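Take a look at the structure below.
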Amino acid sequence: MQNKQKAGAAGAVCSVGAIIALVLGMGNVRTNERGLELIGNAESCRRDPYVCPAGVLTDGIGNTHGVKPGVRKTDEQIAADWEKNILEAESCVNRYANGKNLSDNTFSAVTSITFNVGCPTMKQSTMFALFREQKSAWPSACNQFPRWVYAGKTILPGLVKRREAEKQLCLDGI
């Protein structure tokens, strides 16, 4: 898990594993532990607000809602924000990608990319369209993950790694 602290950043980094345990304990998300680990490790966990590569003020585990400069969050606050963001992504998957019929692994992988890219973009994607088709199209949907590795026109190595893990999780559920 990515919870190591850099010199000079004492207290700024939090434990992804601790936040996952809190979210799983709440019992409200469908995304499985493997999916939460994938998202958490890709996003990392930060107590203090920072500007993400997309230029958005972010805190916790990829949270962009209600972030206030200079406000450090507790594990409980980070878990509550993350749960809300995961539930939002899950709702999108259920609504636009046939989520209720997907296995837990496939659902978790699709929730991960939706968490990262956003519902407005994903609901119009080929991937989501393929998940709305017959089950025979779902492997093709899983094979769409590697297409989502760009920030603008630049391929990001972190996204390449994340998309490969999402693809594998997706296929493991087929």
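Keeping to the range 85-118, report how many residues are more than 10 Å from the chain's Cα centre (by Cα) and within 17 Å of residue 41 (Cα to Cα).
Count: 1.
Every residue in the range 12-31 that is of a type outside the set (A, V, I, L, M) and touching a Phe, Trp or Tyr at 6+ places or on another chain (Cβ under 8 Å), please.
30, 31
With the structure loaded, tell me whether residue 29 is in contact with a Pro (Cβ under 7 Å, 6 or more places away or on another chain), modelled with pLDDT of 95 or more and not in a helix (DSSP H, G or I) or whether it fails that test.
Judged against the criteria, residue 29 is not a match.
For residue 20, work out the one condition from (1) of a type in the set (Val, Ile, Thr); (2) within 26 Å of residue 152 (Cβ to Cβ); (3) surrounded by 13 or more Cβ atoms within 10 Å (Cβ to Cβ) it doesn't fulfil.
The single condition residue 20 does not satisfy is (2).
Could you check the range 145-174 and list, in sequence order, the residues that are assigned to a loop (DSSP other than H, G, I, E, B), open to solvent by less than 30 Å² (accessible area, probe 1.4 Å) and of a type outside the set (Gly, Ala, Ser)?
The answer is 149, and nothing else.
Could you tell me which residue of the range 45-67 is most open to solvent (accessible area, probe 1.4 Å), considering only residues that are farther than 16 Å from residue 118 by Cα and at pLDDT below 95?
51
Which of (1) at pLDDT 95 or above; (2) assigned to a loop (DSSP other than H, G, I, E, B) does residue 7 not meet, given it meets every other one?
Every listed condition holds for residue 7 apart from (1).
Can you tell me which residue in the range 114-144 is least open to solvent (accessible area, probe 1.4 Å), limited to those that are outside any helix (DSSP H, G or I) and among the basic types (Lys, Arg)?
Checked the range 114-144; the qualifying residue least open to solvent (accessible area, probe 1.4 Å) is 123.
With the structure loaded, tell me whether residue 91 is farther than 25 Å from residue 132 by Cβ and hydroxyl-bearing (Ser, Thr, Tyr) or whether it fails that test.
So residue 91 fails the test.
Name every residue in the range 100-113 that is in contact (Cβ under 8 Å) with a residue 40 or more places away in the chain and assigned to a helix (DSSP H, G or I), in order of residue number.
The answer is 104, 105, 106, 107, 108, 109, 110, 111, 112, 113.
Name the residue that is farthest from residue 153 (Cα to Cα), counting only residues in the range 48-65 that are touching an Asp or Glu at 6+ places or on another chain (Cβ under 8 Å) and of a type outside the set (S, T, N, Q).
It comes out as 48.
The values are calculated or read from the model by the stated rules, or taken from the named source; none is laboratory data. These numbers were taken from a predicted model, which means no experiment stands behind them. Heads up, the Cβs are rebuilt from the backbone with ideal geometry, glycines too, and the neighbour counts pull from every protein chain shown. The accessibility values were calculated without ligands, DNA or RNA, using every heavy atom of the protein model including side chains. Shrake-Rupley method; radii C 1.70, N 1.55, O 1.52, S 1.80 Å.
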